[in-house]
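The values are calculated or read from the model by the stated rules, or taken from the named source; none is laboratory data. As the structure is a computational prediction, the values presented were derived from the model and not from experiment. Every residue, glycine among them, receives a Cβ derived from its backbone with ideal geometry; neighbour counts consider all protein chains shown.
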Amino acid sequence: MTYKITVKLASALFLCLLTYAAVAHENMVGDLIIGHPWARATIGESKYGAAYLTIANNGKEPDRLIAASTPAADKAELHTHLVENGVMKMRPVDGIDIEPGAPVELKPSGLHIMLMGVKEPLKEGSSFPLTLTFQKSGPITVTVKVNSASEMEGSHDGHMMH
């Protein structure tokens, strides 16, 4: 009888953990938590898009995001926005440092993952896989949810990971 109760309890706890992970939109690799991956829907036949997310490092050592890839586009690059001579421009970066206790938010008009050669329009409500490669923690594939083209922030409720 104790065995049956233990199996049922373990099964219930497992389902709760799966539900939490699905609702929270968070993924873990090593000491890193990747939260709320999202993208804006592309407009028309645009071959360019961008993906956004938050990365928190709960470890004691820094890590670095060094690459991204997706089957949804020919190329994915780490980018930042900067202002040169009063003009806002996007530029590739060779990596994004993830320091312990200092979450990094990839967001519009800031650090982001640029998608070039988008193979099919990114449609609101759809999703696509995105593989992130970290210098120490290695690769992880997350699911990016596509929001409306006018979305300025992710679909999350604004909370930060801890």
* Members of segment 51-74 found to be surrounded by fewer than 21 Cβ atoms within 10 Å (Cβ to Cβ), farther than 12 Å from T131 by Cα and out of contact with any Phe, Trp or Tyr (no Cβ under 9 Å at 6 or more places or on another chain), listed by number -> N58, G59, K60, E61, P62, D74
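Kindly provide the set of residues from segment 29-69 that are in a loop (DSSP other than H, G, I, E, B) and within 15 Å of E99 (Cβ to Cβ), ordered by number.
First, the residues of segment 29-69 that are in a loop (DSSP other than H, G, I, E, B): 30-31, 41-47, 58-62.
Hits for segment 29-69 are G30, D31, N58, G59, K60, E61, P62.
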* Structure fact -> Selection over segment 78-130 where residues are buried (at least 16 other Cβ atoms within 10 Å of the Cβ) and modelled with pLDDT under 95 yields a count of 0
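Filter segment 120-143 for residues that are over 17 Å from G49 (Cα atoms) and out of contact with any strand residue (DSSP E or B) (no Cβ under 6 Å at 6 or more places or on another chain) and give the result. Spell out the reasoning first.
Residues of segment 120-143 over 17 Å from G49 (Cα atoms): 133-141.
Result: G138, single match.
Filter segment 15-66 down to the residues that are among the acidic types (D, E) and out of contact with any Asp or Glu (no Cβ under 8 Å at 6 or more places or on another chain), then identify the one that is modelled with the highest pLDDT.
Here is the first cut: in segment 15-66, the residues among the acidic types (D, E) are 26, 31, 45, 61, 63.
Filter again for out of contact with any Asp or Glu (no Cβ under 8 Å at 6 or more places or on another chain), leaving 26, 45.
Values: E26: 79, E45: 90.
Here the answer is E45.
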* Asked: Are there any pairs, at least 6 apart or on different chains, whose C-beta atoms fall under 7 Å, with the first in segment 107-136 and basic (K, R) and the second crowded, with 19+ Cβ neighbours inside 10 Å, and if so, which?
  -> K107/Y52; K119/A72; K119/A73; K123/V146; K136/D63
* Residue under evaluation V146, criteria (1) closer than 11 Å to A39 by Cα; (2) at pLDDT below 95; (3) not charged (D, E, K, R), criterion not met -> (2)
